[in-house]
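FYI, it's all coordinate maths here, none of it is from the lab. Worth saying up front: this structure is predicted, and the values here are computed from it rather than measured. Neighbour counts are summed over all protein chains in view; Cβ atoms, including those assigned to glycine, are modelled from backbone coordinates with ideal geometry.
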Amino acid sequence: MKLSYVGADLAKNVLQLQGRGYEVRLIAPQFVKPFVKSNKNDRNDAEAICEAMTRPHMRFVPVKTVEQQDIQAIHQVHRTVMSQRNAKANQIRGLVATVGDGSHFRKGRPMAAAIGLTPGSTVPATNDGCWASASAAMPT
């Protein structure tokens, strides 16, 4: 069977194409962009990819294995969770700062302990009670 090349600027369905005997060469989108002649659509993108594939010094991106894609997905989820955690901590810090100066919040000090929410304590049912406990926890 003659080996055929498939050029793409997207890693979608790469493993299926490789399973059918094609050699897939991925091109980074920034290397394809100079070859797009007019408006962006699928036909012009395909023509630009074909043009880029014929260049002798084109740099190709290695195809990731399933394991590499899994690790990348785990890192992306971790990065998102950390970003959301930091955003929530900043939101709480801002809300508590409306009651006081918020200077007692420092990196490394558990925020729950600073506002009086320690294990075993009950959370007040109303916002007034919550702000009252936050105010009481602030150093004077």
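Note that the stretch 5-53, at 25 °C in a medium of 0.890 mPa s, gets a Stokes-Einstein diffusion coefficient of 220 µm²/s from its Kirkwood radius over C-alpha pairs. Take 73-83, 39-49 and order them by the average number of nearby Cβ atoms within 10 Å per residue, most first; the result is 39-49, 73-83.
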